[in-house]
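Structure first, then comments.
The values are calculated or read from the model by the stated rules, or taken from the named source; none is laboratory data. These numbers were taken from a predicted model, which means no experiment stands behind them. Using ideal geometry, Cβ is built from the backbone for each residue, glycine included, and neighbour counts are taken over all protein chains shown.
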Amino acid sequence: MTENFADLFEKSTVSKQKIHYGMKVNAKIVGMDESSVFVDIGAKTDGYVEKAELIDGNGNFNYKIGDYIELYIVTNKESELKLSRALSGDGSYNVIKDAFDRKITVSGKVKSLNKGGYEVTVMGKRAFCPISQMDIKKIDTPEKYVGSVFNFKVSSFEEEKKNIVLSRRPVLEQEQKEAIDKLIASLKEVDVISGKVTKVSEIGAFIDLGSQLEGMIHVSELAWTRVAHASEVVKPGDIVTAKVLKVEHAEGKRFPRISLSLKQLSLHPWESVASRVKQGDVIKGKVTRCADFGAFVELFPGVEGLIHISEITGEKRIKKVNEVINPGDMVEAIVMAVDLEQKRISLSIKALEKKNSPEPEAKAETEPAARTPRTPAKDEDNWRNYTKIEDAPDEEDEEDENPFKALKKKFNS
């Protein structure tokens, strides 16, 4: 016969075990109110844990119904099943030894600060926590921990000498890991997250996302305009909301690399170019940089146009852009072309100068000069056009000295 759910439940691991003080269980959150979180551990009745115990160091409650959490049973009465993240209350050295052997978390109150560490009371017993084990971050004011109740791990136990040494670092590291894993699991690209700016540089801005998790906004992702240093846009202490671009897990690294963007939460400037700029417009802008082939001009935040070197001036031919203009200069130019697909705008100062220059005055029409009548060529000149020359006989007069006269004589005869 097929077993029903109740039969299977009775055979479950937890239900078969005898629930006892200090027992570690993997509890599922099934409900909550303002002060308590109710959990299912597979027993006949649900248990509860105080909500305050599950709030992290930043004051955040990072759990929801359906989540699992490791807890310890601290009270097991007929009408009450109370759980906690640590063992507390009065107990014998055997209970503390059991916590040491099984790596169970215990709760202790910091009584005083002494040489090298703190005196802590755990289950009515005196214990010691080295100052280096009280926190995972640098301790600047050791006195602030006195009087507080924290969770610890028993790192050393000597019953004969009644020496109990505690450490809070493993507890904090585990809580931090759980918080980071939960945050990373919830992070997706295109998600939006808020954090506090901790540092700015020429590389970008570093953002504290909580649980010692850090993201970075590269300088190119701070704004649609060109940014030389992150301090031009944000400063330490600012609370910013950014878009998650990428979450990268590097091998051997404890924390992932989280890339963020501030500018991508706003409309891309080129989305409005079609309605703001058209061919033939005269527009002013600031020169942002110069190259061998021309100068880039910011027309409005995030949108630049290019003035080719051949379009900078018509007055003379130049070899370098900075012969005429330099970064920081304000210039006025005419829009020659707009390519929305390639995100390019061609500009010309030379064309604007030509457009603004006055037209040259037309010359008055004058009567053509009277043409001088051609006079007939004299016979003396016709010889030059003569092409057939006959051989002349030799003579002993002056014609020998000037043979051209002989030719002329023959031609006229």
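Residues that are closer than 27 Å to K177 by Cβ, in contact with a Lys or Arg (Cβ under 8 Å, 6 or more places away or on another chain) and in contact (Cβ under 8 Å) with a residue 60 or more places away in the chain within the range 253-276 comprise I258, L260, listed in sequence order.
For the range 303-316, give me the residue count where each residue is surrounded by 15 or more Cβ atoms within 10 Å (Cβ to Cβ) and in contact with a helix residue (DSSP H, G or I) (Cβ under 8 Å, 6 or more places away or on another chain). Total meeting the criteria: 7.
If only residues of the range 120-149 that are surrounded by fewer than 15 Cβ atoms within 10 Å (Cβ to Cβ) and of a type in the set (G, A, S) are counted, the one that is modelled with the lowest pLDDT is G124.
Yes or no, residue by residue, for (1) closer than 26 Å to A52 by Cβ; (2) acidic (D, E):
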position	(1), (2)
P130	no, no
D135	yes, yes
F150	yes, no
N163	no, no
P170	yes, no
S186	yes, no
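When the range 157-192 is limited to residues that are polar (S, T, N, Q) and out of contact with any helix residue (DSSP H, G or I) (no Cβ under 8 Å at 6 or more places or on another chain), the one that is modelled with the highest pLDDT turns out to be N163.
Looking at the range 52-68, is at least one residue in contact with a strand residue (DSSP E or B) (Cβ under 8 Å, 6 or more places away or on another chain), assigned to a strand (DSSP E or B) and of a type in the set (A, V, I, L, M)? Scanning the range 52-68, I find at least one residue that is in contact with a strand residue (DSSP E or B) (Cβ under 8 Å, 6 or more places away or on another chain), assigned to a strand (DSSP E or B) and of a type in the set (A, V, I, L, M), so the answer is yes. Tell me yes or no: at least one residue of the range 84-96 is in a strand (DSSP E or B) and over 26 Å from I164 (Cα atoms). Looking through the range 84-96, none of the residues is in a strand (DSSP E or B) and over 26 Å from I164 (Cα atoms).
Listed here are the residues, each with its yes/no results for (1) on the phi < 0 side of the Ramachandran plot; (2) touching an Asp or Glu at 6+ places or on another chain (Cβ under 9 Å); (3) assigned by TED's automatic domain parsing to the domain that holds K286.
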position	(1), (2), (3)
K153	yes, no, no
K162	no, no, no
D181	yes, no, no
I184	yes, no, no
I217	yes, no, no
P236	yes, no, no
I239	yes, no, no
K243	yes, yes, no
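Restricting the range 290-302 to residues that are surrounded by 15 or more Cβ atoms within 10 Å (Cβ to Cβ), touching a residue at least 24 places away in the same chain (Cβ under 8 Å) and not in a loop (DSSP other than H, G, I, E, B) leaves a set whose member that is farthest from the chain's Cα centre (by Cα) is G294. When we screen V120, V49 for residues that are touching a Cys at 6+ places or on another chain (Cβ under 7 Å) and assigned to a strand (DSSP E or B), the only hit is V120. Within the range 254-286, being assigned to a strand (DSSP E or B) and of a type outside the set (A, V, I, L, M, F, W, C) holds for R257, S259, S261, K284, G285, K286.
Could you go through the range 105-115 and let me know if any residue there is out of contact with any His (no Cβ under 9 Å at 6 or more places or on another chain), assigned to a loop (DSSP other than H, G, I, E, B) and of a type in the set (A, V, I, L, M, F, W, C). Talk me through it step by step, then tell me what you get.
To start, the set of residues in the range 105-115 that are out of contact with any His (no Cβ under 9 Å at 6 or more places or on another chain) comprises 105-115.
With assigned to a loop (DSSP other than H, G, I, E, B) added as a condition, the list becomes 115.
Checking which are of a type in the set (A, V, I, L, M, F, W, C) leaves us with none.
So far as the range 105-115 goes, no, none of its residues is out of contact with any His (no Cβ under 9 Å at 6 or more places or on another chain), assigned to a loop (DSSP other than H, G, I, E, B) and of a type in the set (A, V, I, L, M, F, W, C).
The set of residues in the range 217-244 being crowded, with 18+ Cβ neighbours inside 10 Å and either of a type in the set (V, I, T) or farther than 17 Å from P301 by Cα (or both) consists of I217, V219, V227, V233, V234, V240, A242, K243, V244. Name the single residue that is farthest from K263 (Cα to Cα) among those in the range 163-210 being in a loop (DSSP other than H, G, I, E, B) and among the acidic types (D, E). Top of the filtered list is E202.
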